[in-house]
1. Compute, for segment 174-490, the length of the dipole vector about the Cα centre, with Cβ point charges of +1 (Lys, Arg) and -1 (Asp, Glu) only. Units Debye, rounded to 20.
2. For S31 paired with A65, estimate the spin-label separation in nm (one decimal), with each label point 7 Å from Cα along the Cα-to-Cβ line.
3. So what J values fall out for segment 106-115 if you push phi through Karplus, 6.51 cos²θ - 1.76 cosθ + 1.60 with θ = phi - 60°, rounded to Hz, Gly and Pro as x?
4. Note the full-extension length gain between S269 and D449 as 0.36 nm times their separation in residues minus their Cα-Cα distance, in nm to one decimal.
5. On a 0 to 90° scale, report how tilted helix 87-103 is relative to the longest principal axis of the chain, with both axes built from alpha carbons and the result rounded to the nearest 10.
6. What pairs in K117/K358; K34/K139; K294/K356 have C-alpha atoms more than 32 Å from each other?
7. Note the angle between two axes, namely the Cα long axis of helix 434-443 and the longest principal axis of the Cα atoms of the chain, as a number of degrees from 0 to 90, rounded to the nearest 10.
8. So what does the Cα-only Debye profile of the chain read at q = 0.09, 0.11 Å⁻¹, as log10 I(q)/I(0), no solvent term?
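Each value in this text was obtained by applying a stated rule to the coordinates, not by laboratory testing. Keep in mind that what you see is a predicted model, and the values were worked out from it rather than measured. Note: ideal-geometry Cβ built from the backbone for every residue, glycine included; neighbour counts use all protein chains shown.
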Amino acid sequence: MSFMHISFTDPTIPASGTVAAGIYAGGELSSAAKELDRLSNGSISRALKADRFNGDAEQLLNMIAPANTELERIILFGLGDKNNPSLLATENAGGLFAVKAANLSINAATILLDSDKQAAHFAYGAMLGGYRFDKYRTKEQSPSALTEMIMGSEKPEQAEKCFRPLLAVAEGVYITRDLIWEPANVMDPESYAHFCRSLTSEGLEVEILGEEAMRELGMGALLGVGQGSDKESQLVILKHNGAGSREAPIAFIGKGVTFDTGGLSLKASATMETMKQDMGGAATVTGLMIALAKRKAKVNAVGVLGLVENMPDSKAQRPSDVVKTMSGQTVEVMNTDAEGRLVLCDALTYTQRHLKPKAMIDLATLTSAIAIALGEEIAGVFSNNDELVAKVAAAGDEVSEPVWRMPMGSYFSKRLSSDIADMRNNGNKPRLGGSGVAAQFLHNFIENDTPWVHMDIAGTAWTDEAFPTKPKGATAFGVRLLDRMVQDYFEK
Ligand code: BES
Ligand code: MN
Ligand code: ZN
């Protein structure tokens with residue numbers, strides 16, 4: 001992971017190099033753009049006409065060697081409606097700018113904005129959109145990345161102050177994306193847990209349970225999934241204590257299947273290819289906890305990661321095996337590829353009994369069906385609590401990580417009846433309502449009506465298409481949403 005260097009100064013136009021400034025919808029110049037237009041004998045006004053660039057959000061214009069100056073170039077970016085300024089549009093402009101600058105082989109740039117908030121959010125967007133995972137490239141990448149951004153605005157100290165918590169979230173997003181991008185021969189349950197140990201340096205409390213400890217707790221469902229793998233399954237507990245010792249925590253539980261072959265219910269090649277992302281829920285929880293720790297959020301939060309590898313092997317569990325969960329309920333494992341819920345159910349029971357949370361949110365790349373229903377930009381949420389799920393949805397809208405609430409109920413629970421155990425792990429009508437059946441399975445493990453939201457991120461954790469603040473690949477969907485939810489509703 002390489003970080004961009006970002007600094008904040010006065011809105012002074014540099015004598016040389018690359019400078020960028022915003023244009024509002026309708027072609028209205030920002031104050032820096034006006035100044036640049038004056039310095040360059042009206043080049044900007046002429047360029048806007050020549051290019052039909054009108055300042056709409058997500059537009060960019062590259063002006064090389066502007067008249068009358070020593071500048072290499074002026075890059076103009078659209079900021080959208082001036083009267084209804086959106087910081088999300090500013091973040092998108094930053095993300096698009098970072099990619100464009102890299103494509104033009106620009107390593108350093110000065111970006112001028114009208115307000116301190118805009119400067120902070122532009123820089124944040126540039127970090128989110130400019131992310132890349134180059135760790136395994138041994139040859140220099142062309143184009144090389146933008147590494148230095150000087151943000152110019154009035155009140156630069158204010159801009160820097162506004163940027164600090166955003167940087168914490170961006171760092172969390174980077175770690176989540178790195179964890180997901182890492183191939184499964186590098187990121188397995190043991191190495192992932194080992195990485196988590198290092199998070200004490202971020203101020204997180206870290207506890208790790210191996211297979212023996214989990215066997216003592218009776219976590220037969222989680223252990224059954226990892227049973228065909230050489231790697232030891234792990235349960236990682238991350239704690240951030242930012243609100244004193246008496247406050248019950250909010251808990252985030254992540255599915256961490258470091259690779260999902262399907263087990264003996266083996267996946268076909270094409271669908272297996274992308275299964276290193278199956279620890280996306282755990283990675284999102286990890287990045288979120290790091291963000292909360294880095295920005296010293298005034299909240300008590302716990303992250304619980306169920307880390308396993310789902311492999312076929314002579315020791316692997318078989319379709320029709322019966323396992324006993326930590327809750328005491330038994331499950332007939334009819335399909336070893338419906339493994340995420342088996343990991344989560346024991347992690348949920350552990351969380352409730354040992355951490356006593358006031359609310360729980362689980363995140364999982366749980367079902368391909370959720371991507372069929374909602375696509376790759378909207379996550380599905382399922383809940384037993386209208387208030388909590390409304391908070392999740394509101395935070396999602398604010399950071400542009402939208403979620404949509406899906407139904408639960410007996411339509412789905414009756415699909416889980418087993419001939420010999422308390423329930424089966426997959427629906428008895430394959431493919432029908434798969435995401436709801438999976439959510440209903442998890443609901444069987446919620447005790448005392450603890451407020452709970454299940455977020456199915458199987459569609460949103462990975463993208464094949466680049467968006468302004470989400471490059472192709474691991475998105476870290478959920479880190480920004482949950483950080484915002486904590487900030488808006490759970491911090492003191
Ligand atoms: N990890 C998969 C779901 C998934 C699919 C995540 C695509 C990301 C992208 C999950 O473990 C799985 O295999 N689910 C099955 C459930 C079925 C066997 C009941 C599915 O969705 O097909
Ligand atoms: Mn699976
Ligand atoms: Zn899976």
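1. Roughly 520 debye for segment 174-490.
2. Taking the two extended label points, one gets 3.3 nm.
3. With the stated coefficients, segment 106-115 comes to 8, 9, 9, 8, 9, 10, 10, 10, 6, 9 Hz.
4. Full-extension gain reported as 60.8 nm.
5. 80 degrees
6. Working: K117/K358 34 Å; K34/K139 42 Å; K294/K356 24 Å.
Going by Cα-Cα distance, K117/K358; K34/K139 fall outside the 32 Å limit.
7. 70 degrees
8. Cα-only, vacuum Debye calculation for the chain: -0.63, -0.87.
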